[in-house]
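Student: First the structure, which I've put down as structure tokens, then a few questions once you've had a look.
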Amino acid sequence: MAVNRMFRTCPTTGLVFHQPAERLIIVNAVTGVVFLLLGGLLAIGVVLTRWPAVHWLAADRFYQVLTAHGIDMLIFWIIFFEIAVLYFCSAVLLKSRLATPRMAWTAYGMMLIGALVNNYAVMRGDSSVMMTSYVPMSAHWSFYLGLILFAVGALIACFVFFGTLVTAKSERTYVGSVPLVTFGAITAAIIAVFTIASGAIILIPTFLWSIGLISHIDPLMYRTIWWAFGHSSQQINVAAHISVWYAIAAIVFGAKPLSERVSRMAFLLYIFFLQLASAHHLLVDPGLSSNWKIFNTSYAMYLAVLASMVHGLTVPGAIEVAQREKGYTHGLFEWLRKAPWGNPVFSGMFISLIGFGFLGGISGVMMGTEQLNLIIHNTLYVPGHFHATVVIGTTLAFMALTYFLIPVLFRREIMFPTMAKWQPYVFGLGMYGVALFLMAAGTLGVPRRDWDITFAGNTFPYEFPGAAFLMLGLAGITGLIAITGGGMYLLNTVGSVFLGRKIVTPGFAHVRAAAGVAPAPKPVSTAITGHGSSVGAWGLVAPGTFSLAMVFLASFVLYYFINWKYLATVWPLK
Amino acid sequence: MSAILPPAERLWWKQPLDRAELLWILIALAWCMVLFFMMPYWHLYGKQNLANEAYRMSPERYSALTAEMVDKYKVREEGGDLKVPVVHPPAGGDAYLIARLWSWYPILELEAGKSYRIHLMAMDYQHGFSLQPENINIQVLPGYDHVITVTPTHAGTYGIVCNEYCGIGHSTMTSKLYVVK
């Protein structure tokens with residue numbers, strides 16, 4: 001079989017696209033965005049029902065919509081887009097051909113069929129079991145089958161990514177080590193293999209149970225293994241969106257990592273420790289010891305948190321250094337003030353970074369602390385937290401990347417540039433509100449996944465304080481703002497991709513690369529230098545970022561001990 | 001020269017560490033150790049910990065134990081036609097609470113300042129024990145008898161809300177817990 005060796009070079013960025021890789025990136029990304037649209041429409045139902053003053057959907061419809069919203073967003077939108085990111089970080093960044101495009105298409109086909117089958121199961125109405133599908137509550141067998149098909153497809157795609165790394169290495173398409181962003185993508189793919197294996201280990205027996213071939217599945221075993229899939233899949237997102245942050249810093253500012261060693265070590269810590277987090281969901285479960293809980297929930301002494309804190313410094317730090325080299329050296333923050341806030345690629349990425357750290361990161365550590373989990377478990381604090389990590393962190397970072405990809409990959413101009421300029425603010429700040437107000441409602445004890453917290457008509461109702469209803473109302477309003485921001489993104493991307501003005505380059509063509517190798521990059525010869533030329537205040541290269549990091553640490557410490565203080569007031573337990 | 005290109009230095013791992021990074025890594029590592037050691041510390045000196053005492057148990061046996069307790073210590077019935085028993089178990093003793101679709105059984109009446117061994121188990125699906133407004137939240141699984149030793153501090157009427165999604169009637173699964181002086 002002849003290998004397709006056709007490449008094109010992007011006239012503006014110099015990126016090299018392998019023809020099949022380009023098509024696969026486009027198709028995976030577009031499919032992801034279609035599921036984002038679906039999940040976004042479902043979000044309207046969720047928001048307008050949990051807003052007590054509106055309380056729109058009936059109970060059965062609400063639980064059905066909530067199930068579909070969770071799966072379409074957390075699994076299908078994000079993983080389709082992540083597969084596109086993996087192909088981009090391997091084939092495009094390494095200027096290589098994509099290994100086995102046919103297998104990549106098979107993977108795509110399986111993922112698509114799996115996603116459709118799963119959505120069909122939920123639409124039937126007998127599979128409103130939430131994303132977690134905790135046994136012994138059972139869904140229609142096609143619910144599990146769809147997820148299994150999707151997972152196997154995603155696994156194949158990961159191996160296409162690994163194969164591409166091997167191809168690039170053996171065909172010498174790059175010199176030295178892989179770029180940092182590719183290294184981050186490798187991290188994501190390794191975590192993905194672990195995640196998908198865990199998913200298969202638990203979902204295949206559950207599927208067999210749903211068709212009557214297995215009589216019993218232990219609920220605690222299910223929870224332990226399911227969360228090795230459910231939580232780890234969010235860790236794929238972390239590794240992927242941090243890679244996207246580094247990529248955007250490089251694309252917009254030409255920023256280089258403060259040091260390769262530190263950033264890569266931080267990714268390595270993710271590979272070692274991030275998967276232990278299944279324990280986060282089991283801290284108040286019977287049947288597990290405190291030793292097990294403490295070791296696992298803390299990623300073995302918080303080494304993955306350390307890694308995230310390192311990335312939180314090095315990404316903006318790299319931007320600061322790049323900006324200072326351009327002459328924005330005045331004071332601590334001129335580099336940040338004069339950053340391109342009107343460019344959605346940058347603003348989206350920066351809003352994502354700040355929200356992920358301050359809202360998602362800090363709240364995640366609270367929930368993941370063994371004893372603090374007692375006052376948080378299964379309250380609305382949990383969705384508050386993961387809307388900060390997965391929506392502000394991952395989704396917004398992917399949205400920001402899209403604004404870069406539309407001209408480069410799709411070769412179309414952005415249709416509504418002004419709307420694009422405002423979109424990250426509307427979506428991001430709306431979602432900041434959602435995360436904060438849900439966490440506030442959770443702190444007041446409001447449960448997640450509950451159709452009616454007024455408990456109207458119950459024999460023994462409980463009345464939540466007025467403040468809880470205020471928080472839910474505010475979450476409703478900010479939720480609608482975020483949905484508007486999501487709509488702006490969808491309108492603009494879909495419009496631009498299909499109807500945007502084509503970018504025409506004279507003489508543009510795909511070129512057959514000799515012997516399967518893209519044009520070799522020019523050898524880079526620079527002397528070993530630190531950042532000596534641009535040292536700012538306190539002898540630090542990035543004093544502004546460092547002071548932001550201290551603000552972060554102070555908020556973290558303060559909020560952490562406030563929670564212990566709160567815990568100390570509840571009934572003694574042992 | 002950037003994060004999307006191979007590192008300019010072939011020997012990038014020999015590049016000296018930047019001062020800002022080194023300082024931050026040390027600070028962050030120290031903070032991570034605080035985060036970690038707070039948990040064992042609270043086990044030693046804090047008052048809110050789970051002992052993780054749990055037993056495998058069949059629903060039949062758990063129902064029988066609960067029925068035995070209700071027979072011995074029932075003080076009254078509430079809930080109109082539902083006639084849900086209110087049980088006043090002896091201080092220091094065992095108190096059983098059943099979680100099932102979609103109710104809690106029975107209603108417990110405890111004394112403030114006394115300790116009780118509260119048992120939690122689900123009969124069917126997974127449920128969540130959420131005591132409000134204290135905001136104590138514990139997962140309740142079928143097949144696992146989870147024992148929690150609690151000491152109520154203040155008298156009053158508390159709410160129990162199911163906070164693990166358990167099907168269409170999930171919102172109706174609420175109950176009460178009394179604490180008397």
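The values are calculated or read from the model by the stated rules, or taken from the named source; none is laboratory data. No experiment lies behind these values; they were computed from the predicted model shown. Quick reminder, even Gly has a Cβ in these numbers, built from the backbone with ideal geometry, and neighbours come from all protein chains shown.
Student: Looking only at the range B:98-138, which residues are more than 8 Å from chain A (Cβ to nearest Cβ), closer than 30 Å to A:Ala440 by Cβ and either free of Cβ contacts under 8 Å to residues at least 40 places away in the same chain or among the β-branched types (Val, Ile, Thr) (or both)?
Tutor: Within the range B:98-138, B:Ile118, B:Ala122, B:Phe129 meet the criteria.
Student: Give the range A:202-239 a look and list any residue that's out of contact with any Phe, Trp or Tyr (no Cβ under 8 Å at 6 or more places or on another chain), small (Gly, Ala, Ser) and assigned to a helix (DSSP H, G or I), or say none.
Tutor: If the condition is that a residue be out of contact with any Phe, Trp or Tyr (no Cβ under 8 Å at 6 or more places or on another chain), small (Gly, Ala, Ser) and assigned to a helix (DSSP H, G or I), then A:Gly230, A:Ser233 are the ones that fit.
Student: If you check A:Val305 against the conditions, is it within 12 Å of chain B (Cβ to nearest Cβ), in a helix (DSSP H, G or I) and within 17 Å of the chain's Cα centre (by Cα)?
Tutor: Considered against the rule, which asks whether it is within 12 Å of chain B (Cβ to nearest Cβ), in a helix (DSSP H, G or I) and within 17 Å of the chain's Cα centre (by Cα), A:Val305 comes out as yes.
Student: Could you figure out which of (1) of a type in the set (A, V, I, L, M, F, W, C); (2) buried (at least 23 other Cβ atoms within 10 Å of the Cβ); (3) assigned to a helix (DSSP H, G or I) isn't true of A:Phe273?
Tutor: Every condition holds for A:Phe273 apart from (2).
Student: Here is a follow-up. Would you kindly identify the helices (runs of 4 or more DSSP H) lying entirely within the range A:325-405 that contain at least 2 residues that are within 14 Å of another protein chain (Cβ to nearest Cβ)?
Tutor: Because the criterion is at least 2 residues that are within 14 Å of another protein chain (Cβ to nearest Cβ), the helices (runs of 4 or more DSSP H) in the range A:325-405 that meet it are A:344-355, A:362-367, A:381-386, A:396-405.
Student: Counting just the residues of the range A:167-176 that are touching a residue at least 12 places away in the same chain (Cβ under 8 Å) and within 11 Å of chain B (Cβ to nearest Cβ), which one comes out farthest from B:Pro6 (Cα to Cα)? First the steps, then the outcome.
Tutor: Narrowing the range A:167-176 to residues touching a residue at least 12 places away in the same chain (Cβ under 8 Å): A:167-168, A:171-175.
From what is left, the residues that are within 11 Å of chain B (Cβ to nearest Cβ) are A:168, A:173-175.
Values: A:Ala168: 12, A:Thr173: 11, A:Tyr174: 7, A:Val175: 7 Å.
Residue satisfying both the conditions and the ranking: A:Ala168.
Student: For the range A:94-142, what are the residues that are touching a Pro at 6+ places or on another chain (Cβ under 7 Å), closer than 30 Å to B:Pro7 by Cα and surrounded by fewer than 23 Cβ atoms within 10 Å (Cβ to Cβ)?
Tutor: Scanning the range A:94-142 gives a single hit, A:Pro101.
Student: Under 9 Å between Cβ atoms, which residue pairs at least 6 apart in sequence (or on different chains) link something in the range B:12-32 that is more than 7 Å from chain A (Cβ to nearest Cβ) with a partner that is part of a loop (DSSP other than H, G, I, E, B)?
Tutor: Between residues of the range B:12-32 that are more than 7 Å from chain A (Cβ to nearest Cβ) and residues that are part of a loop (DSSP other than H, G, I, E, B), the close pairs are B:Lys14/A:Ile528; B:Leu23/A:Leu540.
Student: Given (1) small (Gly, Ala, Ser); (2) out of contact with any Lys or Arg (no Cβ under 8 Å at 6 or more places or on another chain); (3) at pLDDT below 95, where does A:Gly536 come up short, assuming only one miss?
Tutor: Looking at each condition in turn, A:Gly536 falls short on (2).
Student: Would you confirm, using the coordinates I've provided, whether A:Ala322 is outside any helix (DSSP H, G or I), hydrophobic (A, V, I, L, M, F, W, C), facing chain B (nearest Cβ under 9 Å) and closer than 30 Å to A:Thr402 by Cβ?
Tutor: On the way: outside any helix (DSSP H, G or I): no; hydrophobic (A, V, I, L, M, F, W, C): yes; facing chain B (nearest Cβ under 9 Å): yes; closer than 30 Å to A:Thr402 by Cβ: yes.
Here the answer is no, as A:Ala322 does not meet what is asked.
Student: For the condition surrounded by 22 or more Cβ atoms within 10 Å (Cβ to Cβ) and facing another protein chain (nearest Cβ under 7 Å), what is the one hit in A:Ser289, A:Ser259, A:Ser263?
Tutor: A:Ser259
Student: Within the range A:379-400, can one find any residue that is touching a strand residue (DSSP E or B) at 6+ places or on another chain (Cβ under 9 Å) and either within 20 Å of A:Ala279 (Cα to Cα) or of a type in the set (A, V, I, L, M, F, W, C) (or both)?
Tutor: For the range A:379-400, residues touching a strand residue (DSSP E or B) at 6+ places or on another chain (Cβ under 9 Å) and either within 20 Å of A:Ala279 (Cα to Cα) or of a type in the set (A, V, I, L, M, F, W, C) (or both): present.
Student: Confirm whether A:Ser278 is among the hydroxyl-bearing types (Ser, Thr, Tyr), in contact with a Phe, Trp or Tyr (Cβ under 7 Å, 6 or more places away or on another chain) and farther than 23 Å from B:Val140 by Cβ.
Tutor: On the way: among the hydroxyl-bearing types (Ser, Thr, Tyr): yes; in contact with a Phe, Trp or Tyr (Cβ under 7 Å, 6 or more places away or on another chain): yes; farther than 23 Å from B:Val140 by Cβ: no.
It is false that A:Ser278 is among the hydroxyl-bearing types (Ser, Thr, Tyr), in contact with a Phe, Trp or Tyr (Cβ under 7 Å, 6 or more places away or on another chain) and farther than 23 Å from B:Val140 by Cβ.
Student: Restricting the search to the range A:496-521, which residues are at pLDDT 70 or above, part of a helix (DSSP H, G or I) and crowded, with 16+ Cβ neighbours inside 10 Å?
Tutor: A:Ser496, A:Val497
Student: Then there is this: Tell me, yes or no, whether the range B:144-157 has at least one residue that is among the acidic types (Asp, Glu) and either over 15 Å from the mean Cα position of the chain (by Cα) or more than 10 Å from chain A (Cβ to nearest Cβ) (or both).
Tutor: Within the range B:144-157, not a single residue is among the acidic types (Asp, Glu) and either over 15 Å from the mean Cα position of the chain (by Cα) or more than 10 Å from chain A (Cβ to nearest Cβ) (or both).
Student: Would you mind finding the one in A:Ile248, A:Ile190 that is hydrophobic (A, V, I, L, M, F, W, C), surrounded by fewer than 22 Cβ atoms within 10 Å (Cβ to Cβ) and in a helix (DSSP H, G or I)? Quick ask: steps written out before the conclusion?
Tutor: On the way: A:Ile248 fails: surrounded by fewer than 22 Cβ atoms within 10 Å (Cβ to Cβ).
Testing whether each residue is hydrophobic (A, V, I, L, M, F, W, C), surrounded by fewer than 22 Cβ atoms within 10 Å (Cβ to Cβ) and in a helix (DSSP H, G or I) leaves just A:Ile190.
Student: Right, another one. Output the residues belonging to the range B:150-167 that are among the small types (Gly, Ala, Ser) and within 20 Å of A:Pro461 (Cβ to Cβ).
Tutor: Hits for the range B:150-167 are B:Gly156, B:Gly159, B:Gly167.
Student: Within the group A:Leu409, A:Leu429, which residue is among the aliphatic types (A, V, I, L, M), more than 13 Å from chain B (Cβ to nearest Cβ), part of a helix (DSSP H, G or I) and touching a strand residue (DSSP E or B) at 6+ places or on another chain (Cβ under 9 Å)? Give the derivation first.
Tutor: Working: A:Leu429 fails: touching a strand residue (DSSP E or B) at 6+ places or on another chain (Cβ under 9 Å).
Sole residue among the options that is among the aliphatic types (A, V, I, L, M), more than 13 Å from chain B (Cβ to nearest Cβ), part of a helix (DSSP H, G or I) and touching a strand residue (DSSP E or B) at 6+ places or on another chain (Cβ under 9 Å): A:Leu409.
Student: Output the qualifying pairs, or none if there are none: Cβ atoms under 6 angstrom, residues six or more apart or on different chains, first residue in the range A:212-226 and more than 9 Å from chain B (Cβ to nearest Cβ) and under 22 Å from B:Asp145 (Cβ atoms), second residue surrounded by 13 or more Cβ atoms within 10 Å (Cβ to Cβ) and among the aromatic types (Phe, Trp, Tyr).
Tutor: Every condition considered, the pairs that remain are A:Ile217/A:Trp209.
Student: Let me spell it out: the conditions are (1) more than 25 Å from A:Leu374 (Cα to Cα); (2) more than 10 Å from chain B (Cβ to nearest Cβ); (3) at pLDDT 95 or above, and A:Met550 meets all of them except one. Which number is the exception?
Tutor: If we test A:Met550 against (1) more than 25 Å from A:Leu374 (Cα to Cα); (2) more than 10 Å from chain B (Cβ to nearest Cβ); (3) at pLDDT 95 or above, just (2) comes out false.
Student: Related question: Can you find even one residue in the range A:29-49 that is touching a Lys or Arg at 6+ places or on another chain (Cβ under 9 Å) and either buried (at least 17 other Cβ atoms within 10 Å of the Cβ) or modelled with pLDDT under 95 (or both)?
Tutor: The answer is yes; a qualifying residue exists.
Student: While we're here: Among residues belonging to the range A:484-504 that are aliphatic (A, V, I, L, M) and under 20 Å from the mean Cα position of the chain (by Cα), point out the one that is farthest from A:Pro407 (Cα to Cα). Don't jump to the end; show me each part of the working.
Tutor: Looking only at the range A:484-504, we keep the residues that are aliphatic (A, V, I, L, M), and these are A:488, A:490-491, A:494, A:497, A:499, A:503-504.
Next, from what is left, pick out any that are under 20 Å from the mean Cα position of the chain (by Cα): A:488, A:490.
Values: A:Met488: 18, A:Leu490: 16 Å.
Restricting to residues being aliphatic (A, V, I, L, M) and under 20 Å from the mean Cα position of the chain (by Cα), the top hit is A:Met488.
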